[in-house]
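Asks: Below are the structure tokens for one structure; questions will follow.
The values are calculated or read from the model by the stated rules, or taken from the named source; none is laboratory data. No experiment lies behind these values; they were computed from the predicted model shown. Please note: Cβ atoms are built from the backbone with ideal geometry, for glycine as well, and neighbour counts cover all protein chains shown.
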Amino acid sequence: MKFEYAAAPESRAVVNIASNYGLFINGEFVEPHSGAFFKTVNPATEEVLSEVAEAGQADVDAAVKAARRAYDKTWSRMSGKDRGKYLFRIARLIQERSRELAVLESIDNGKPIRESRDVDLPLVAAHFFYYAGWADKLEFAGLGDNPQPLGVAAQVIPWNFPLLMLAWKIAPALACGNTVVLKPAETTPLTALAFADICQQADLPPGVVNIITGAGETGRMLVEHPDVNKVAFTGRTEVGKAIQRAVAGTGKALTLELGGKAANIVFDDAPFDEAIEGVVNGIFFNQGHVCCAGSRLLIQESVADQFIEALKSRLGTLRLGDPLDKNTDIGAINSYQQLAKIEELSKSGEDEGAERWSAQCDMPDKGWWFPPTLFTGVTQAHRIAREEIFGPVLSVLTFRTPDEAIEKANNTPFGLSAGIWTEKGSRILHMANSLRAGVIWANTFNRFDPTSPFGGYKESGFGREGGVHGLAAYLKVEDPS
Amino acid sequence: MPSPSITSSGLPDGSAASLTGFLHGLPGVDQVGAEARAAMLGTRSIKNDAKSWAIDLAIRMIDLTTLEGMDTPGKVRAMCAKALRPDPTDSSCPSVAAVCVYGDMVQTARQAVGDRIHVAAVATAFPSGRASLEVKLLDTRDAVNAGADEIDMVIDRGAFLSGNYVKVFDEIVAIKEACGSAHLKVILETGELKTLDNVRRASWLAMVAGADVIKTSTGKVVPAATLPVTLVMLEAVRDFHRTTGTRIGVKAAGGIRTSKDAIKYLVLVNETLGEDWLTPDLFRFGASTLLNDLLLQRQRISTGHYSGPNYVTID
């Protein structure tokens with residue numbers, strides 16, 4: 001008998017999406033000077049959700065000016081204790097509205113509600129709570145006796161974890177006494193705009209947080225604005241490089257969190273079933289739209305066949321479909337452009353001789369979807385072993401010895417994260433010391449916590465977000481890293 | 001590993017070196033990871049038709065149980081009536097799979113249920129298992145002779161924890177033989193094994209020795225059945241099937257009291273072993289109070305409102 005789970009959709013009634021949104025500048029929503037708007041769509045249905053303002057130069061100027069005024073007149077003069085009160089208030093409001101925000105995130109981004117509800121939103125609130133606690137204790141952070149804020153922060157964030165990346169950017173910036181102008185990604189602006197509403201609800205002084213929407217050009221104008229003191233960017237490596245060039249010589253502080261091509265290394269003495277889960281979570285969490293995704297599986301040759309067979313069997317149980325269904329494991333690909341990129345790289349895998357396997361899934365007629373896929377017979381020379389796919393595609397490579405695993409894992413221009421699966425503690429420590437990656441997980445993957453710093457080596461960027469390290473990115477101090 | 005005494009089927013023969021080598025060579029279980037997987041499956045939302053279907057299946061999978069010093073023939077007969085017809089107001093409600101009693105109550109139970117459902121007896125000096133093999137064998141034969149067609153035995157946890165796997169193995173083999181045609185469920189008492197590594201090893205040990213079903217708990221030790229423990233046992237059953245082609249059953253017993261909990265177990269079975277195991281032949285709940293909650297939920301679905309405890313029978 002077959003256990004068919006009946007549809008269990010989370011209600012959309014809890015969200016109220018306006019037909020159009022202006023820009024959130026100086027504490028209120030304003031019409032854009034540019035007069036331009038763009039559409040944001042639900043990637044699971046291609047339904048247009050809303051029209052959102054596209055900020056031009058005059059709008060960017062207005063936002064930075066509002067942030068500067070709020071910095072000079074209010075926020076930098078406020079005691080840490082009072083800044084903390086606002087941040088605690090925001091954190092509580094996020095918790096109170098978490099169901100609404102989770103549904104909104106899933107509608108705009110395509111990620112399963114199980115993930116937005118159980119991962120994104122709890123982490124968003126936790127991040128604000130964590131940095132709220134730091135606001136009045138900065139002199140005890142080991143970053144000097146009287147650390148001072150930088151000023152106005154220009155922050156540009158990606159579409160994969162829209163609200164979580166907002167939290168990672170705004171919470172530490174505000175805790176340290178900076179004001180911000182944040183630009184969400186053009187395909188996922190809605191939760192950032194809901195956050196603007198929360199700022200109003202929290203009575204946050206006008207101009208402390210400004211949210212301007214737009215695409216790459218708006219982002220460029222923002223980071224190049226001369227009255228910005230700090231630039232923080234999460235996104236593609238090419239864009240990060242362009243930002244670094246633009247910022248060079250201006251005196252602006254910069255942190256970049258860019259791409260990755262993480263190795264998830266499974267030894268023959270690994271906890272087998274949990275390693276399978278870890279590999280699945282490593283690359284299929286959030287449709288693989290994760291910069292620290294474990295996109296390369298390095299499996300020890302002695303157990304490779306057995307592991308891959310078990311992995312395929314497990315992938316067959318993943319449930320792809322409506323992101324709002326509480327039982328969905330794999331949601332929609334965020335945009336048509338991203339789907340095209342995943343398809344192009346997957347084709348290159350086949351063309352270059354790797355063997356493709358995809359789980360059998362019924363794909364919805366509308367929207368953008370890609371089935372959980374793995375490639376075996378991948379070598380270091382294949383594009384799918386070197387380039388970030390940013391989708392639900394796993395490249396499987398094998399190794400014979402720990403040294404070979406280290407060599408292959410490090411043989412990439414990226415260095416954001418890595419995973420080690422073994423029951424042997426000494427091997428975990430040895431591997432962790434030898435891997436050039438900012439985050440290393442042992443017998444788990446894609447675990448996040450606001451107290452733990454996150455960031456990369458090499459082309460994965462520099463600077464750390466999260467933990468006490470994350471404060472250094474928003475204060476006038478020597479970077480301890 | 002591999003030991004020289006692994007047979008061509010990939011399983012150990014019954015020698016000490018072979019058993020120890022095999023069991024200690026099984027991959028470890030990462031407790032944090034296993035708990036996370038069980039918790040994630042616990043978030044599955046089972047609604048509407050799926051819920052109705054799951055509730056009826058759960059009822060059909062119950063071993064309705066009374067294992068008390070104060071059991072009497074009257075109590076057992078009342079429970080048997082309930083087992084046959086759980087909801088007297090609704091003839092569409094299925095019977096449970098079996099009644100489960102102590103050995104001296106088997107005859108009463110068998111007379112009450114006839115051949116309509118199974119009669120399971122706990123045997124082998126249940127629940128502690130602290131008796132000689134002779135006593136355990138007599139206990140088993142006694143129950144089978146009285147009409148039990150399922151035997152729930154306990155393993156010797158002391159022997160297991162001291163590494164004497166041969167003793168545990170030999171006892172299961174001997175009891176299996178004493179069972180004759182009766183099905184053998186082997187209780188691991190996971191609450192006394194403590195670690196998930198032990199749960200995996202004990203599961204394999206019981207299956208290799210000839211268990212038809214592996215069962216979590218006696219219900220007399222806390223914790224009894226838990227989702228992570230059951231997950232690890234289901235994974236062992238899955239791997240045993242991959243190795244040998246033989247389907248072993250699983251019984252989760254003790255501590256499962258609500259429909260919501262029962263459905264979580266069915267999800268675990270569905271997503272670990274697949275639909276082939278979603279049958280009373282291969283998955284059971286050992287429970288006493290679970291049935292009434294399933295009935296209340298069943299009534300709610302058919303009538304649209306909750307009734308109360310006086311609208312389901314006590315046994």
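Asks: Residue A:343: in contact with a Lys or Arg (Cβ under 8 Å, 6 or more places away or on another chain), surrounded by fewer than 22 Cβ atoms within 10 Å (Cβ to Cβ) and more than 14 Å from every other protein chain (Cβ to nearest Cβ), yes or no?
Replies: no
Asks: Restricting attention to region A:244-258, which residues are surrounded by 23 or more Cβ atoms within 10 Å (Cβ to Cβ) and either touching a Cys at 6+ places or on another chain (Cβ under 6 Å) or not hydroxyl-bearing (Ser, Thr, Tyr) (or both)?
Replies: Scanning region A:244-258 gives A:256, A:257, A:258.
Asks: Can you say whether residue A:54 is in contact with a helix residue (DSSP H, G or I) (Cβ under 8 Å, 6 or more places away or on another chain), modelled with pLDDT of 95 or more, crowded, with 19+ Cβ neighbours inside 10 Å and within 14 Å of chain B (Cβ to nearest Cβ), as far as the supplied structure shows?
Replies: no
Asks: Restricting the search to region B:96-132, which residues are farther than 19 Å from residue B:185 by Cβ, among the hydroxyl-bearing types (Ser, Thr, Tyr) and buried (at least 16 other Cβ atoms within 10 Å of the Cβ)?
Replies: B:108 - this is the single residue of region B:96-132 that is farther than 19 Å from residue B:185 by Cβ, among the hydroxyl-bearing types (Ser, Thr, Tyr) and buried (at least 16 other Cβ atoms within 10 Å of the Cβ).
Asks: With (1) away from chain B (no Cβ under 14 Å); (2) outside any helix (DSSP H, G or I); (3) not charged (D, E, K, R) as the list, and residue A:3 as the residue in question, which single condition is left unmet?
Replies: Here residue A:3 meets the rest and fails (1).
Asks: Is it the case that region A:100-107 has a residue that's within 14 Å of another protein chain (Cβ to nearest Cβ), crowded, with 20+ Cβ neighbours inside 10 Å and of a type in the set (A, V, I, L, M)?
Replies: yes
Asks: Name the single residue that is farthest from residue A:313 (Cα to Cα) among those in region B:265-299 being charged (D, E, K, R) and surrounded by fewer than 21 Cβ atoms within 10 Å (Cβ to Cβ).
Replies: So, considering only residues that are charged (D, E, K, R) and surrounded by fewer than 21 Cβ atoms within 10 Å (Cβ to Cβ), the one farthest from residue A:313 (Cα to Cα) is B:281.
Asks: A follow-up question, please. Can you find a residue that is buried (at least 20 other Cβ atoms within 10 Å of the Cβ), under 19 Å from residue A:451 (Cβ atoms) and either out of contact with any His (no Cβ under 8 Å at 6 or more places or on another chain) or of a type in the set (Lys, Arg) (or both) anywhere in region A:110-118? Can you show your working first?
Replies: First, pick out the residues of region A:110-118 that are buried (at least 20 other Cβ atoms within 10 Å of the Cβ): A:110-117.
Checking which are under 19 Å from residue A:451 (Cβ atoms) leaves us with none.
No, region A:110-118 has no match at all.
Asks: Residue check: is residue A:365 exposed (fewer than 14 other Cβ atoms within 10 Å of the Cβ), closer than 23 Å to residue A:332 by Cα and either assigned by TED's automatic domain parsing to the domain that holds residue A:314 or modelled with pLDDT of 95 or more (or both)?
Replies: It is true that residue A:365 is exposed (fewer than 14 other Cβ atoms within 10 Å of the Cβ), closer than 23 Å to residue A:332 by Cα and either assigned by TED's automatic domain parsing to the domain that holds residue A:314 or modelled with pLDDT of 95 or more (or both).
Asks: Does region A:21-74 hold any residues that are touching a residue at least 60 places away in the same chain (Cβ under 8 Å) and in contact with a His (Cβ under 7 Å, 6 or more places away or on another chain), and which are they?
Replies: A:56, A:59, A:60, A:64
Asks: Same structure, new question: Name the pairs whose Cβ atoms lie under 8 Å apart, with the first residue in region B:20-47 and more than 7 Å from chain A (Cβ to nearest Cβ) and without any contact (Cβ under 8 Å) to a residue 24 or more places away in the chain, the second surrounded by fewer than 18 Cβ atoms within 10 Å (Cβ to Cβ) and among the β-branched types (Val, Ile, Thr), and 6 or more positions between them or separate chains?
Replies: If the second residue must be surrounded by fewer than 18 Cβ atoms within 10 Å (Cβ to Cβ) and among the β-branched types (Val, Ile, Thr), the pairs left are B:21/B:6.
Asks: Can you name the residue in region A:125-158 that is polar (S, T, N, Q) and closer than 24 Å to residue A:206 by Cα and is also surrounded by the fewest Cβ atoms within 10 Å (Cβ to Cβ) among such residues?
Replies: Applying the filter and picking the extreme gives A:148.
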